[in-house]
Amino acid sequence: MTPNAISAIGMPFAALAGLAFAFAPERLWLFLLGALLVQLRLLCNLFDGMVAVEGGRGGPTGVLFNEIPDRFEDSVILIGFGYGAGLPELGFVAAILAVFTAYLRAMGASLGQGQDFAGPMAKPQRMAAVTIGAVLALLEALVFGSLWSPIIVLWVVALGAAWTAAARISRMAARLKAGS
């Protein structure tokens, strides 16, 4: 299997995770399914890089297949989680900020500054937060009959992504000033 095919396989996992989260308040087990699908999405992201780099099978379009699915996947997962939390607007805000952090990483690279993966809320942290939030949502709903944890997780992701964006902008500006 090619790295690009592995990257593409992550997209249906993410789309199904977003759908599972969106409908989870009606069928609580979907929170757990969504968490599992997020992890399968991340495995695809891990394996595509391993096959491309360590397997020596990367191609000229690899960078596109590495980045484009990630933006789609982040967005559908966070938007679906927003619907599951009962605050779709917050899911959209978190998704926009997630894409913005990736844009800033790419912008820094285009300026010759390399890829800045630092954050407090880069992709691995966002997906970990959503996975943990989904498991907590299931437990919270079963034990207490409420769903505050997905709302809290979305706020953490949104604020953390905004912080990540601000930090990346600050580092880019400092490097630009030092270079001029």
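The values are calculated or read from the model by the stated rules, or taken from the named source; none is laboratory data. Note that the structure is a prediction, hence the values are computed from the model and not measured. For neighbour counting, all protein chains shown are included, and Cβ atoms are generated from backbone atoms with ideal geometry for every residue, glycine included.
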Q. Which one of these does GLY86 not meet: (1) touching a Leu at 6+ places or on another chain (Cβ under 8 Å); (2) under 13 Å from ALA134 (Cβ atoms)?
A. (2)
Q: Taking the residues in segment 69-110 that are of a type in the set (D, E, K, R) and surrounded by fewer than 19 Cβ atoms within 10 Å (Cβ to Cβ) as candidates, determine which candidate is nearest to ILE169 (Cα to Cα).
A: ARG71
(Q) TRP155 - would you say it is farther than 23 Å from PHE21 by Cβ, modelled with pLDDT of 95 or more and in a helix (DSSP H, G or I)? (A) no
**Q.** Top-ranked residue in segment 51-68 [being in a loop (DSSP other than H, G, I, E, B), small (Gly, Ala, Ser) and touching a Pro at 6+ places or on another chain (Cβ under 9 Å); ranked as surrounded by the most Cβ atoms within 10 Å (Cβ to Cβ)]
**A.** GLY58
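Results for (1) of a type in the set (Lys, Arg); (2) closer than 21 Å to VAL38 by Cβ; (3) out of contact with any strand residue (DSSP E or B) (no Cβ under 6 Å at 6 or more places or on another chain); (4) touching a residue at least 40 places away in the same chain (Cβ under 8 Å), shown as yes or no for each residue.
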site	(1), (2), (3), (4)
THR101	no, yes, yes, yes
ALA106	no, no, yes, no
GLY114	no, no, yes, no
GLN125	no, yes, yes, no
ILE152	no, yes, yes, no
ALA162	no, no, yes, yes
ILE169	no, no, yes, yes
ALA174	no, no, yes, no
Q | Filtered residue count, segment 69-128, keeping only those that are modelled with pLDDT under 95, over 15 Å from the mean Cα position of the chain (by Cα) and not in a helix (DSSP H, G or I) | A | 6
Q: Evaluate segment 51-61: report whether one residue or more is under 30 Å from ALA174 (Cβ atoms), out of contact with any helix residue (DSSP H, G or I) (no Cβ under 6 Å at 6 or more places or on another chain), at pLDDT below 95 and not aliphatic (A, V, I, L, M).
A: no
Q) Could we say that PRO25 is loosely packed, with under 14 Cβ neighbours inside 10 Å, more than 17 Å from the chain's Cα centre (by Cα), on the phi < 0 side of the Ramachandran plot and not in a helix (DSSP H, G or I) here? A) no
Q) Among (1) within 17 Å of ARG71 (Cα to Cα); (2) under 15 Å from the mean Cα position of the chain (by Cα), where does LEU159 come up short? A) (1)
